[in-house]
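To start, the structure under review is shown below, and the notes come after it.
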Amino acid sequence: MNQCCLLVVRHYYFQVVQWVWLQDANCFGTRTWLDALSDCNGLADGSCGLTDGSIAGDWRLPNNKELFSLVDAKRCCPALPLFHLFDNVLSSYYWTSTTRIPGSGDAWCVDMYDGDLDHPGKTLYQAISVWPVRDPL
C-alpha cells in the first residue's frame with residue numbers, strides 16, 4: 001500500500017492514505033462542534049448512503065492531521081487534488097476533533113476553500129461543516 005497517495009474507490013466511500021472518508025462531504029451539513037462529534041460517532045451503515053457494514057462508533061470526527069492530509073495546497077475551491085472523487089465538498093471550514101490548546105475552548109478546523117487552518121471557539125453555537133472518517137474495517 002502506498003501510504004502517500006493511495007486513493008481506492010469503494011462503494012459510497014473512499015480510502016485515502018490509511019483512512020476511509022465518507023464520499024459525501026456534506027451529508028451532515030453544518031453542526032456545532034459537540035454535535036459534529038456526536039453525529040460522526042453515530043454514523044453507521046444505512047446512513048448517508050453507506051452500505052459498508054459499519055456500526056455506530058466506527059466513524060469519528062477527524063483530527064487536524066487526518067483532515068489536513070486531504071488538502072492540496074496548490075488547489076482552490078476546494079483545496080483538494082484535481083481529480084478527487086468526493087461529492088459535495090464545500091469550499092468552507094470543516095471541523096476537526098483537535099482542541100487548539102488544552103483548556104482553550106477552541107478546536108482546529110480546515111478551510112477547504114484554500115487549505116488554511118483556523119481555530120474557532122467550540123463552545124460557541126457556530127455551525128461548521130462535518131466530514132466523517134474511520135479506520136479501514
Next item on the list: Place the peptides 68-74, 127-133, 58-64, 39-45 in order of packing, highest mean first, counting for every residue the other Cβ atoms within 10 Å and averaging per peptide.
Entry: 127-133, 58-64, 39-45, 68-74
Next item on the list: Rounded, prolate or oblate: pick one for region 23-79, where a ≥ b ≥ c are the square roots of the eigenvalues of its C-alpha gyration tensor, a/c under 1.5 means rounded, and failing that, prolate if a/b is larger than b/c, else oblate.
Entry: prolate
Next item on the list: First select every other residue whose beta carbon is under 13 angstrom from the beta carbon of A36; then total the charges, Lys and Arg +1, Asp and Glu -1.
Entry: +1
Checklist line | Amide H contacts of S92 (H built 1.01 Å from N, under 5 Å, at least 5 apart or other chain) | finding: M112, Y113
Checklist line | Distant-in-sequence amide H partners of I128 (H built 1.01 Å from N, under 5 Å) | finding: R31, T32
Item checked: Long-range amide H partners of S97 with built H, under 5 Å -> N63, N64
Checklist line | Local electrostatic count at S91 - Lys and Arg +1, Asp and Glu -1, tallied over other residues with Cβ under 11 Å | finding: -1
Item checked: Residue-by-residue Karplus 3J(HN,Hα) for region 52-67, coefficients 6.51, -1.76, 1.60, Hz, glycine and proline x -> 9, x, 5, 10, 3, x, 6, 9, 8, 6, x, 7, 5, 5, 5, 5
Next item on the list: Run through all the Cα pairs of region 7-134 and give the fraction in each 5 Å bin from 0, expressed as whole percent.
Entry: 2, 12, 22, 25, 21, 12, 5, 1
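Throughout, read-outs are computed from the coordinates displayed, never taken from laboratory work. Everything quoted here is computed from the prediction, not taken from an experiment. When we count neighbours, we look across all protein chains shown, and the Cβ atoms used for this are built from the backbone with ideal geometry, even at glycine.
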